[in-house]
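All remarks here apply to the structure that follows.
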Amino acid sequence: MTIRRRGLLAGTAALPLFSIESRAQTALNITIASSHPVANYWVANMKNVFQPEVEKHLRDNGNTHRINWREAYGGTLYRFQDTMEAVRDNITDIGYVGTLWEGSTMPLQNVTYFTPFATGDHGVVARAFEQMNETVPAIRQNWNGLNMIPLSSFITDTYHIWSNFPIRTLDDLRNRKLAAPGTSAGWLQGTGATPVDGALTTYYTDIQTGVIEGALSFYVGILPTRVYEVAKYVTECDIGAMYVGGIAANRQRMERWPAPVRNAMVAAGKISTEKHIEDVSARIANAKSEMAQKGAIITTLPAAERERWIRGLPNLAKTWADSSGPAARDVLNAYFAAIRGAGQTPGRNWDRELTS
């Protein structure tokens, strides 16, 4: 609405013409939450990238809607085991959904964990899932059936080994105890190493006390734990970057929001993915530098030994596909098509090893 006023004072010149532009704004209360604190780099992206980008998009496109964010970061609403249920059941309107913890309800999104050595390029993995969330019918139906709309894609950087002993050949892993939680335990098959369940928060103490002698992990995750102090040998073997989920909105809630708000959420989600890729790249460089400065010995597993490891693995992808429904093959094909389409050569062509 535009209000124009021309003031005239008796015996004086007319005051300048001026106008006041005002737009009526609709305020929406939206809860955004996570199971982890803002110090976690996935959650930092939600707070420092996604939210500001939503607001910027609204300002740049009419400024008719305003978000009153109700932040519930750090597990104040739910635990990490409940990220999917929290968004699905509208405990929060928007939240970080950890698909890596949803092996039974979201098995298709866990394809990366059953295709080690596919690619260590975290940007390729994130962009592959941006595409797959939109174009692979079974993945779209899975999100939709769980009452969620994915908005961004989060990843880990590629996995390596941190150990308290040097690794020069694959034989050096024989009879060694390495932390390899969940599906990552399968990556050690054929190496002679013994996988031990655990979590990033326990690796330091477990290595100190002899429960384990090292861990499979990634630079960005290891740095804040200081595991490199008790496992100074970092053997880069590029097992692969992993998709771990991302920001998602409750579908019913989002469908009720005005179109400008929905558009802002989608646009902000895409920007969040790209900024996340950039952030992880910077964090890898900083982590390597800091670890080296503090005494870590960083080496690379020889290519021949890495190839020996890859070839010694059983057909993990087929095992996953056989237990994840007929659409698993479509997901596997789409994932590897995205990798090759980005100019990458997979360490192992898991998609070509499936038999009907």
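The values are calculated or read from the model by the stated rules, or taken from the named source; none is laboratory data. This structure is a prediction, so every number in the text was calculated from the model and none was measured. Neighbour counts run over all protein chains shown; Cβ positions are idealised from the backbone, glycine included. Side chains included, ligands, DNA and RNA excluded: accessible areas come from the protein's heavy atoms. Shrake-Rupley method; radii C 1.70, N 1.55, O 1.52, S 1.80 Å.
General observations
- In the condition set (1) surrounded by fewer than 21 Cβ atoms within 10 Å (Cβ to Cβ); (2) under 23 Å from ALA231 (Cβ atoms), GLN131 is compliant with all but (2).
- Residue in the range 269-292 that is open to solvent by 50 Å² or more (accessible area, probe 1.4 Å), more than 24 Å from GLY123 (Cα to Cα) and either part of a helix (DSSP H, G or I) or free of Cβ contacts under 8 Å to residues at least 12 places away in the same chain (or both) present: yes
- VAL125 satisfies every condition listed in (1) assigned by the TED database to the domain that holds ASN263; (2) hydrophobic (A, V, I, L, M, F, W, C); (3) not in a helix (DSSP H, G or I) except (3).
- Scanning the range 141-183 for residues that are in contact with a Phe, Trp or Tyr (Cβ under 7 Å, 6 or more places away or on another chain), open to solvent by 10 Å² or more (accessible area, probe 1.4 Å) and small (Gly, Ala, Ser) yields no hits at all.
- Members of the range 257-268 that are open to solvent by less than 10 Å² (accessible area, probe 1.4 Å) and out of contact with any Pro (no Cβ under 9 Å at 6 or more places or on another chain): VAL261, ALA264, MET265
- Residues satisfying the stated conditions in the range 84-122, i.e. under 23 Å from GLU255 (Cα atoms), in a helix (DSSP H, G or I) and either of a type in the set (D, E, K, R) or in contact with a Phe, Trp or Tyr (Cβ under 6 Å, 6 or more places away or on another chain) (or both): GLU85, ALA86, ARG88
- Just one of the listed residues (ARG79, ARG88) is open to solvent by 10 Å² or more (accessible area, probe 1.4 Å), under 19 Å from the mean Cα position of the chain (by Cα), of a type outside the set (S, T, N, Q) and modelled with pLDDT under 95, and it is ARG79.
- The range 184-200 - residue that is part of a loop (DSSP other than H, G, I, E, B) and among the small types (Gly, Ala, Ser) and, of those, surrounded by the most Cβ atoms within 10 Å (Cβ to Cβ): ALA193
- Selection within the range 91-106 - open to solvent by 30 Å² or more (accessible area, probe 1.4 Å) and not hydroxyl-bearing (Ser, Thr, Tyr): ILE91, LEU100, TRP101, GLY103
- Only one of ALA317, ALA304, ALA296 that is open to solvent by less than 50 Å² (accessible area, probe 1.4 Å) and more than 23 Å from GLY123 (Cα to Cα): ALA296
- Residues satisfying the stated conditions in the range 318-347, i.e. touching a helix residue (DSSP H, G or I) at 6+ places or on another chain (Cβ under 7 Å) and within 16 Å of ALA241 (Cα to Cα): LEU332, TYR335, PHE336, ALA338, ILE339, ALA342, GLN344, PRO346, GLY347
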